[in-house]
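Enquirer: For reference, the structure I am asking about is given below.
The values are calculated or read from the model by the stated rules, or taken from the named source; none is laboratory data. Note that this is a predicted model, so its numbers are computed, not measured. Cβ placement follows ideal geometry from the backbone for every residue including glycine, while neighbour counts extend to all protein chains displayed.
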Amino acid sequence: MAIGLFGGAFDPPHVGHVAVAQAAKERFALPRLVVLVSAAPAHKRVYSEAQTRLELARAAFPDDEVRLDPYPRTIELLRAERFDDPLFVIGADQFCDFGSWEEPDAVLERTRVAVATRPGFPRERLDRVLEQLQRPDRVVFFDVEPVPAASRDIRARAAAGEPLDGLVPPAVAALIAERGLYRRD
């Protein structure tokens, strides 16, 4: 039985993240999804401490296992920990950068990668990445309805004191408001 792995900075987690996770669980009949909150992402700047992002992710994914990922790169996680038939879930935009990941072919030796695509996403961008991989057979695609939410936009709205309705799960919005997260000093 495959286990889903869904990693990210989740700064903050939004309805798009939740939609991808839900679609992956349904499409691949995943009995378990582990949401991995990157403690110190190698690929992007974070605005909240790891513990805060972990709490936000737990609020966003109440039915899944949510834990901190201490490894800055996916290959480090996959080398350090053993997962039963892992399926690493990412978005199409992330997959377009997959060739720049640390040892992408080694990642594919240790896990299959499930790429969430949305209608209208240029397939040729995905095909260019596949052509560079030694094991393109380890990559599967699945469709997800587009959800207009981006963490940077949500942080900007929170900083301006604007409502986050429909952009983040209600429990995440409540934590952001309660703690004054992403507010400008």
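Enquirer: Among the residues of region 35-53, which ones are assigned to a helix (DSSP H, G or I) and surrounded by fewer than 20 Cβ atoms within 10 Å (Cβ to Cβ)?
Expert: Within region 35-53, 50, 51, 52 qualify.
Enquirer: Here is a follow-up. For region 11-34, which positions are without any contact (Cβ under 8 Å) to a residue 60 or more places away in the chain, crowded, with 19+ Cβ neighbours inside 10 Å and in a loop (DSSP other than H, G, I, E, B)?
Expert: Residue satisfying the conditions is 30 alone.
Enquirer: Within region 55-81, which residues are among the hydrophobic types (A, V, I, L, M, F, W, C) and more than 14 Å from residue 17 (Cβ to Cβ)?
Expert: Within region 55-81, 68, 75, 77, 78, 80 qualify.
Enquirer: Taking region 131-158 as the search range and keeping residues that are farther than 24 Å from residue 26 by Cβ, aliphatic (A, V, I, L, M) and surrounded by 14 or more Cβ atoms within 10 Å (Cβ to Cβ), which one is nearest to the chain's Cα centre (by Cα)?
Expert: 154
Enquirer: Condition check: basic (Lys, Arg), within 19 Å of residue 17 (Cβ to Cβ) and surrounded by fewer than 19 Cβ atoms within 10 Å (Cβ to Cβ). Does residue 118 satisfy that?
Expert: So residue 118 fits the description; yes.
Enquirer: Look at residue 128 and say whether it is more than 25 Å from residue 33 (Cβ to Cβ), over 16 Å from the mean Cα position of the chain (by Cα) and modelled with pLDDT under 95.
Expert: Criteria not met by residue 128.
Enquirer: Evaluate region 171-180: report whether one residue or more is in a helix (DSSP H, G or I) and surrounded by fewer than 12 Cβ atoms within 10 Å (Cβ to Cβ).
Expert: Looking through region 171-180, at least one residue is in a helix (DSSP H, G or I) and surrounded by fewer than 12 Cβ atoms within 10 Å (Cβ to Cβ).
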